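Following: one structure in C-alpha cells, then a few remarks.
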Amino acid sequence: MARKRQARANGEGTLEMHGRTWRARWTVDGKTFTRSTGTSDKREAARRLAEFTAPFRLGNERATLEGIAARVQGVTAELKAYHDAQPALALADGFEAYRTAEIRPDSGTRTMAGYECYYNGLLSWLAANRPAYREMREVTPADAQAFAADFMQGHSAGTFNKHITFLKCLWRTVADADADGASGRLAAKLAGNPWERIRTRAHEPHARRELTVDELARVCAAVEGEMRTLFAVGIYTGLRLGDAARLDWGNVDLMRGIIAVIPRKTARHAHGKRTVIPIHPTLAGMLADTPPDGRKGYVMPSLAAMHERDSSMLTNRVKAVFEGCGIATTTMDEKTGRAMVDVGFHSLRHTFVSLSANAGTPLAVVQAIVGHSSAAMTRHYYHESAGALKNAVAALPDVTGAVALPDGADAPQAVPCAFCAALDGMSLAQLEAARAEIDRRISAIRGT
C-alpha cells in the first residue's frame, strides 16, 4: 500500500512511495494529477515534483503577485492621501524658506530686499484674488498666468521680467530644498513650478543719459561740502552711488594718486577683485583739503551714514540737486506712458565713460577703471564722439572750477601717471588689449 505524505498548498503537490519509486501527486482547483518521478531518491523526486507542478503554480503566483501589486498600489494611494492631508509650507513663509535655503543663488542684502518686495506683491495679489489660498502648493499655472496678465498692465517689460524670473527661481529653489530633505521646515509639497510656462517679454532697457559739461558745471556750482565731494567722486571715478558715498580713506592713496576699491555690486562675482582708479587733479585737490590727521574712516561720513540708514534718502537728495539745477530727471515712455528715470547719480558713471571717450582713453583702460567684466558692458556706456585728443583720466575737463588744469606741454605730463595707475587694476587679457590699442595708435601716428 502506498504511503502518502501530508498534502501541501494548492498546486504544490506531494510525494508518495509507490513500490520502489516515488510518485508525485498534486491538486489544482479540485482536480488531482499523479505522475511517477522514476526515482527512489527522495531529493531527486522532490526536484522532479517541483518541475511537474511549476506550470500549475505559475498561474497561482501571478494571481498572488497581482493581488500584492494591487494592495501596494492601494496602500501607496492611502499614504499619498494621508501625506497630502498634512499641512504644507504656508504662503506667508515662502520667502523665508527661499532666503534660508542653502542652494539659493547668492544675492546681496539690497537684492534680497527687492526680492522680498516682489514676493509680497504676489501675496497681495493672491489675498485680493485667491483669498482662500493658504499654502504655496495651491498656486496653479492658471493662477500664475492670471497674475502675469494683471502685472503686465502698467509695468515695463524689464520690471515684468524681473518679477517672473524671480518667482520661477523661488518655486524651483523651495522644491529643490524639499528634495534635499534638510530644510528643517514644513515641506512645500509642490507638484510643479506654476511659473515655468510664463514667458518673459522682449524689451529695450532704458539707460540713463550722460550729462553735458555745462550741466555738470551747473551741478557742481550748486552743491557744497560733502555733496560737492560726492559729485566729484561720481564724475571723476565712475563709482556707483553706494561705493562713492561709502568711500573710505583707506581706499585713497593721494601719494600714488589712486583710489583702490572693491565694488560692492561685483564683490561676490569677481572674487573681491580691486578696481584701481587714477585720481583726477580736481578730485585730488578736494580730497587734499582734508588735513592728514582727519583722513580716517569715511571720506564723507554724513553721507555714508545716510546711505547705510536708508539709501533712498541719498538718492532723493541727489535727485533734488539735479532738479534744482533745471535738469529733468525723468522722461515719459511713449509705449507704457510711465515715467522712466533719465538722470540720476548713475548718469555720472555714463558721463565718466563718455568723457573718457572724448579724452581718447582706450576702451580697455576705461573697462578696468569702471570695473566692467566685459568690453561689451563698457560699450553700453561708451558714447563715442569726435575730437578725442588725450588718453587718460587726468585729461578730463575740470567742471567744478576748483582747479586750473595746466595748459600746453604740462597737460600730457599727467597722462602717463594716470595711465600707469589704471594698469594696476587690469587682468592679463586687459593688458594685452591695451597694448594692442597702443600699438595701433603708434602705427597710425607714424603712418605705417
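The values are calculated or read from the model by the stated rules, or taken from the named source; none is laboratory data. Quick caveat: nothing in here was measured; it's all calculated off a predicted structure. For neighbour counting, all protein chains shown are included, and Cβ atoms are generated from backbone atoms with ideal geometry for every residue, glycine included.
Structure summary
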read-out: When residues of the stretch 303-351 are limited to those that are among the small types (Gly, Ala, Ser) and closer than 30 Å to GLN153 by Cβ, the one modelled with the lowest pLDDT; value: GLY337
read-out: Single condition GLU135 does not satisfy, out of (1) over 21 Å from VAL341 (Cα atoms); (2) exposed (fewer than 15 other Cβ atoms within 10 Å of the Cβ); value: (2)
read-out: Where PHE160 falls short, out of the listed (1) in contact with a strand residue (DSSP E or B) (Cβ under 9 Å, 6 or more places away or on another chain); (2) crowded, with 16+ Cβ neighbours inside 10 Å; value: (1)
read-out: Residue that is farthest from PHE231 (Cα to Cα) [pool: residues in the stretch 301-335 that are outside any helix (DSSP H, G or I) and of a type in the set (Val, Ile, Thr)]; value: THR331
read-out: The stretch 207-219, residues that are surrounded by fewer than 20 Cβ atoms within 10 Å (Cβ to Cβ), among the hydrophobic types (A, V, I, L, M, F, W, C) and part of a helix (DSSP H, G or I); value: VAL213, ALA217
read-out: Residue pairs meeting the criteria (Cβ under 6 Å; at least 6 apart or on separate chains; first more than 18 Å from ALA175 (Cβ to Cβ), in the stretch 111-140; second hydroxyl-bearing (Ser, Thr, Tyr)); value: LEU126/TYR133
read-out: Conditions (1) farther than 30 Å from LEU303 by Cβ; (2) buried (at least 17 other Cβ atoms within 10 Å of the Cβ); number of the one not met by THR165; value: (2)
read-out: ALA146 vs. criteria outside the structural domain of ARG338 (by TED's automatic domain parsing), surrounded by 14 or more Cβ atoms within 10 Å (Cβ to Cβ) and free of Cβ contacts under 8 Å to residues at least 60 places away in the same chain; value: yes
read-out: Sole exception among (1) modelled with pLDDT of 65 or more; (2) buried (at least 18 other Cβ atoms within 10 Å of the Cβ) for ALA364, by number; value: (1)
read-out: Per-region count, the stretch 83-95, residues surrounded by 14 or more Cβ atoms within 10 Å (Cβ to Cβ), in a helix (DSSP H, G or I) and among the hydrophobic types (A, V, I, L, M, F, W, C); value: 2
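Quick grid of which residues meet (1) outside any helix (DSSP H, G or I); (2) at pLDDT 90 or above; (3) farther than 26 Å from ASN161 by Cβ:
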site: LEU49; (1), (2), (3): no, no, yes
site: THR53; (1), (2), (3): no, no, yes
site: LEU65; (1), (2), (3): no, no, yes
site: GLN73; (1), (2), (3): no, no, yes
site: ALA97; (1), (2), (3): no, yes, no
site: ASP106; (1), (2), (3): yes, no, no
site: GLY114; (1), (2), (3): no, yes, no
site: TYR118; (1), (2), (3): no, yes, no
